[in-house]
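*Asks:* Would you mind keeping the following structure in view while I ask a few things?
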Amino acid sequence: MRDFFISLKKRPIILIFVALATAAGCFAVQFNSFTKEFGSLGRLFKTDYPQLLTDMASWLKSRATDPTLLATTVAVAILSLFAVSVIGAFFVSGLSYIMYVNTYNGIHRIPKKRNTFSLFREGVNKRFLSMAVYIFFALLILVVMAGLLAYLIMPVSVAVSKVISGDTSQIIPMLLLVVVIIVVTFFSVVFFSMYTAYLIPSIVAFKKGAVRVAFKIVNSYCWYLIPRTLLFLVYNLAIEVAMLALNYGNGFGRKTVVISITMLACNWLLRTMGILYYSHYVFKTYIEMKEDMFDEA
């Protein structure tokens, strides 16, 4: 914890950037049409998920049957991912370079020698392209994985609906499905989070072979990393559940401006603290594990 605060004190730009990025993300999540529709626990419990997924499948099918519409939809999606990747890579490549150097210097007790701006510029010059490719594929895999998990949940929701309606013969199949879905979701989300997190310092550290080193570190130390990663995910999930319980999806429409801004501020503050601490943990453990792994080799 002490290293964490010392790191922020040496490079306050890390705190400023993460705080601004998190604020923008929290605002976008809280005040949009999707959150307004589904941003409460009551609404989520009442949603007919099989019907919702069926409607989504019908929407996709309608586009798949029209080659022009399908090509346009795919092109817009790819261009959107590309635009987000390019914009994100500019900031992430510079900031991650600062974090890596700052964390490395902190571990080895090296005094601060270079100014923040020069480190940011060097990070962009060296790692912009690699980071853009990383962000693009990370987002693409995330979208695909989210879609697959959504359709994995469909049979569970159907079984639960039958049990609730009085079909007791579905209790055992429902429990089995729930266990399978929980296990698949758990390992998918946790390992995806670990791989994507540890790829960032690896891209900074290596011009070539970054993916191989990051995967080797995660695979070698997975049972050490899983509890910490799971704690970070549960922390964010708890914040989301709390926001949903407070019905934050209503936004400015049904609540006063003061309450909406207060909820936004709490969400932003808690998530910023979590992201900052977990980022420091990832960079610190990556450097330590990389050095330990290469020393052993």
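The values are calculated or read from the model by the stated rules, or taken from the named source; none is laboratory data. Everything quoted here is computed from the prediction, not taken from an experiment. For neighbour counting, all protein chains shown are included, and Cβ atoms are generated from backbone atoms with ideal geometry for every residue, glycine included.
*Asks:* Within region 1-23, can you find the residues that are among the charged types (D, E, K, R) and either in contact (Cβ under 8 Å) with a residue 60 or more places away in the chain or within 25 Å of N267 (Cβ to Cβ) (or both)?
*Replies:* Answer for region 1-23, where residues must be among the charged types (D, E, K, R) and either in contact (Cβ under 8 Å) with a residue 60 or more places away in the chain or within 25 Å of N267 (Cβ to Cβ) (or both): D3, K10, R11.
*Asks:* May I pose another question? Checking the condition modelled with pLDDT under 90, assigned to a helix (DSSP H, G or I), more than 23 Å from the chain's Cα centre (by Cα) and more than 20 Å from S279 (Cβ to Cβ), which residue from V163, V143, V183 passes?
*Replies:* Step by step, each of V163, V143, V183 is checked, and only V163 is modelled with pLDDT under 90, assigned to a helix (DSSP H, G or I), more than 23 Å from the chain's Cα centre (by Cα) and more than 20 Å from S279 (Cβ to Cβ).
*Asks:* I'd like to know if region 59-66 contains one or more residues that are at pLDDT 70 or above, within 30 Å of K162 (Cβ to Cβ) and among the small types (G, A, S).
*Replies:* Yes, the conditions are met somewhere in region 59-66.
For every residue, the table says whether it meets (1) on the phi > 0 side of the Ramachandran plot; (2) out of contact with any helix residue (DSSP H, G or I) (no Cβ under 8 Å at 6 or more places or on another chain); (3) surrounded by 13 or more Cβ atoms within 10 Å (Cβ to Cβ).
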site	(1), (2), (3)
L79	no, yes, no
I98	no, no, yes
R109	yes, yes, no
I141	no, no, yes
A146	no, yes, no
A159	no, no, yes
I172	no, yes, no
V190	no, no, yes
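*Asks:* Additional query: Condition (residue is in contact with a helix residue (DSSP H, G or I) (Cβ under 8 Å, 6 or more places away or on another chain), farther than 21 Å from M243 by Cα, at pLDDT 70 or above and not β-branched (V, I, T)) applied to region 17-36: is it met by at least one residue?
*Replies:* yes
*Asks:* Kindly establish whether Y277 is in a helix (DSSP H, G or I), in contact (Cβ under 8 Å) with a residue 12 or more places away in the chain, in contact with a Gly (Cβ under 8 Å, 6 or more places away or on another chain) and among the hydroxyl-bearing types (S, T, Y). Before you say what the answer is, go through the steps one by one.
*Replies:* On the way: in a helix (DSSP H, G or I): yes; in contact (Cβ under 8 Å) with a residue 12 or more places away in the chain: yes; in contact with a Gly (Cβ under 8 Å, 6 or more places away or on another chain): no; among the hydroxyl-bearing types (S, T, Y): yes.
So Y277 fails the test.
*Asks:* What about K126, is it crowded, with 16+ Cβ neighbours inside 10 Å, basic (K, R) and either out of contact with any His (no Cβ under 9 Å at 6 or more places or on another chain) or over 23 Å from I16 (Cα atoms) (or both)? Quick ask: steps written out before the conclusion?
*Replies:* Details: crowded, with 16+ Cβ neighbours inside 10 Å: yes; basic (K, R): yes; either out of contact with any His (no Cβ under 9 Å at 6 or more places or on another chain) or over 23 Å from I16 (Cα atoms) (or both): yes.
For K126, the condition - crowded, with 16+ Cβ neighbours inside 10 Å, basic (K, R) and either out of contact with any His (no Cβ under 9 Å at 6 or more places or on another chain) or over 23 Å from I16 (Cα atoms) (or both) - is met.
*Asks:* Let me ask another. Collect the residues in region 206-226 that are in a helix (DSSP H, G or I) and surrounded by fewer than 18 Cβ atoms within 10 Å (Cβ to Cβ), keeping them in residue-number order.
*Replies:* V211, R212, F215, K216, N219, S220, C222, W223, Y224, I226 - these are the residues of region 206-226 that are in a helix (DSSP H, G or I) and surrounded by fewer than 18 Cβ atoms within 10 Å (Cβ to Cβ).
To keep it simple, each residue is scored yes or no on (1) closer than 16 Å to K284 by Cα; (2) in contact (Cβ under 8 Å) with a residue 60 or more places away in the chain; (3) under 18 Å from the mean Cα position of the chain (by Cα).
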residue: V179; (1), (2), (3): no, no, no
residue: F191; (1), (2), (3): no, no, yes
residue: M194; (1), (2), (3): yes, no, yes
residue: K216; (1), (2), (3): no, yes, no
residue: R228; (1), (2), (3): yes, no, yes
